[in-house]
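K.L.:
This structure is in structure tokens; I'll ask about it shortly.
The values are calculated or read from the model by the stated rules, or taken from the named source; none is laboratory data. The structure presented is a predicted model; accordingly, all values stated were derived computationally and were not measured. Don't worry about glycine lacking a Cβ; one is built from the backbone with ideal geometry, like all the others, and counts go over all protein chains shown.
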Amino acid sequence: MLLQATVGKPVRPPIAPRCYGAPAQLTHSTEATDVRQRWKQVALTFITALLVMIAYVGCAIALMATRNRSELAAYGAIAITSLLAYLAGVRLIEWRPVTEFSLSRFLPEIAAGLVAGIALFAAMIGVLWIAGVYQPQGWTSIDGSIGTAFVLWVAVGVHEEILFRGLVYRLCCKIFGTWGAIVMSGLLFGLVHGTEPGATAIALSSVALAGLLFGAAFALTGRLWLPIGIHTGWNFAEGSLFGTAVSGNTYGNSLTTAKLIGPDILTGGRFGPEASVVTVIVLSVVTTFLLWRIARLRRSVLPIWRIGRGEPAAIVA
């Protein structure tokens, strides 16, 4: 963002980009300490990731030992465990404020994310409805199960965004910079969904694009609220409002019942509409816009090997 002088108003400096989630430390690309500091942050973030994974595995073992059969209880316990382990790791290992979970922007960003996620899926399903692929069958009775499903999708969003944006993205950003972090965390997000029922090449491409979108949302705000909101809103709309499968799975009741008629390239087959080519197109457009915003606002961070080549290292996190 270029400085713009306004008559009678002070000139505000541009926002310096950083791998979000650490105290800002202004550095100079000519100093070898910049590289050493970045590698130190890589090591500390990796230790935080280990702590979260150990807590996650421990929680999963405990759930199996107690023979838990409730999806809500399982996802809720995993999300809370991951969140607490993440907060502890950031505070006690990385020794910094948890800025990615700053409460100052919680309400507006989580609300914007929820609306955006629901709107994105509604736009995609609207195209399928116009094409005669999505065929609503009727309404179901409104009861507490819809609210329960929403809580479940919040838990899923919190857990997965901590893993893929809070940990994988931040770790990659410190080494490969913003663009590398967005791509690598997005690709990994897509690959881990390859074991879901009905996964296809289009399905994995679509989920990877969603991962890019979530990564771009994190890069733009520096907080996890927006990607958590988009992630939750999308899943809630897909599985609990429009009555379709979420990554090949169904969870509880939906506000509507519907069926998808047509070739798998449009319906997504068993995986659900996430594997539809229409979803790929919608996500591509939105993700491209967010990536353009990152470039326009100069929110990207250089990869570690470009520090010291006469280019500003901006702010390292």
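K.L.:
Does residue 293 satisfy the criteria of being basic (Lys, Arg) and closer than 24 Å to residue 110 by Cβ? Give the derivation first.
P.N.:
Numbers: basic (Lys, Arg): yes; closer than 24 Å to residue 110 by Cβ: yes.
The answer is yes for residue 293.
K.L.:
Moving to a separate point now. Scan segment 47-67 and tell me whether some residue there is at pLDDT 90 or above, surrounded by 12 or more Cβ atoms within 10 Å (Cβ to Cβ), within 20 Å of residue 173 (Cβ to Cβ) and small (Gly, Ala, Ser).
P.N.:
Yes, because at least one residue in segment 47-67 is at pLDDT 90 or above, surrounded by 12 or more Cβ atoms within 10 Å (Cβ to Cβ), within 20 Å of residue 173 (Cβ to Cβ) and small (Gly, Ala, Ser).
K.L.:
Here is a follow-up. Out of 181, 149, I need the residue that is modelled with pLDDT under 95, crowded, with 21+ Cβ neighbours inside 10 Å and either of a type outside the set (Asp, Glu) or more than 15 Å from the chain's Cα centre (by Cα) (or both). Which one? Break it down stepwise before answering.
P.N.:
Working: 181 fails: modelled with pLDDT under 95.
Exactly one of 181, 149 is modelled with pLDDT under 95, crowded, with 21+ Cβ neighbours inside 10 Å and either of a type outside the set (Asp, Glu) or more than 15 Å from the chain's Cα centre (by Cα) (or both), namely 149.
K.L.:
Okay, next question. Which residues, counting only those in segment 267-279, are buried (at least 21 other Cβ atoms within 10 Å of the Cβ) and either in contact with a Cys (Cβ under 6 Å, 6 or more places away or on another chain) or part of a helix (DSSP H, G or I) (or both)?
P.N.:
First pass over segment 267-279, keeping only residues buried (at least 21 other Cβ atoms within 10 Å of the Cβ): 267-269, 271-276, 278-279.
267, 269, 271, 273, 274, 275, 278, 279, listed by residue number.
K.L.:
While we're here: Within the set of pairs 6+ apart or on separate chains, which have a first residue in segment 291-314 that is farther than 15 Å from residue 218 by Cβ and buried (at least 20 other Cβ atoms within 10 Å of the Cβ), a second that is at pLDDT 90 or above and among the polar types (S, T, N, Q), and C-beta atoms under 7 Å apart?
P.N.:
Hits for this filter: zero, empty list.
K.L.:
Please go through (1) in a loop (DSSP other than H, G, I, E, B); (2) surrounded by fewer than 24 Cβ atoms within 10 Å (Cβ to Cβ); (3) under 20 Å from the mean Cα position of the chain (by Cα) for residue 251 and return the number of the only condition it doesn't satisfy.
P.N.:
(3)
Let's see how each residue does on (1) assigned to a helix (DSSP H, G or I); (2) within 18 Å of the chain's Cα centre (by Cα); (3) within 16 Å of residue 155 (Cα to Cα); (4) without any contact (Cβ under 8 Å) to a residue 60 or more places away in the chain:
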residue	(1), (2), (3), (4)
49	yes, yes, no, no
54	yes, no, no, yes
57	yes, no, no, yes
60	yes, no, yes, yes
64	yes, no, no, yes
74	yes, no, yes, yes
83	yes, yes, yes, no
86	yes, yes, yes, no
89	yes, no, no, yes
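K.L.:
Can I ask one more? Look through 147, 138, 126 and report the one residue that is more than 22 Å from residue 283 (Cβ to Cβ) and free of Cβ contacts under 8 Å to residues at least 60 places away in the same chain. Explain how you work it out, then say what you get.
P.N.:
Details: 138 fails: free of Cβ contacts under 8 Å to residues at least 60 places away in the same chain; 126 fails: more than 22 Å from residue 283 (Cβ to Cβ).
That would be 147, the only listed residue that is more than 22 Å from residue 283 (Cβ to Cβ) and free of Cβ contacts under 8 Å to residues at least 60 places away in the same chain.
K.L.:
Identify, from the list 190, 229, 239, the residue that is within 12 Å of the chain's Cα centre (by Cα), among the small types (Gly, Ala, Ser) and buried (at least 24 other Cβ atoms within 10 Å of the Cβ).
P.N.:
On the way: 190 fails: buried (at least 24 other Cβ atoms within 10 Å of the Cβ); 239 fails: within 12 Å of the chain's Cα centre (by Cα).
Answer to the check: 229.
K.L.:
Further question: Identify, please: which residue in segment 91-143 is hydroxyl-bearing (Ser, Thr, Tyr) and in a helix (DSSP H, G or I) and is, among those, farthest from the chain's Cα centre (by Cα)?
P.N.:
Let us first name the residues in segment 91-143 that are hydroxyl-bearing (Ser, Thr, Tyr), namely 99, 102, 104, 134, 140-141.
Okay, now just the ones that are also in a helix (DSSP H, G or I), so 99, 104.
Numbers: 99: 16, 104: 19 Å.
Applying the filter and picking the extreme gives 104.
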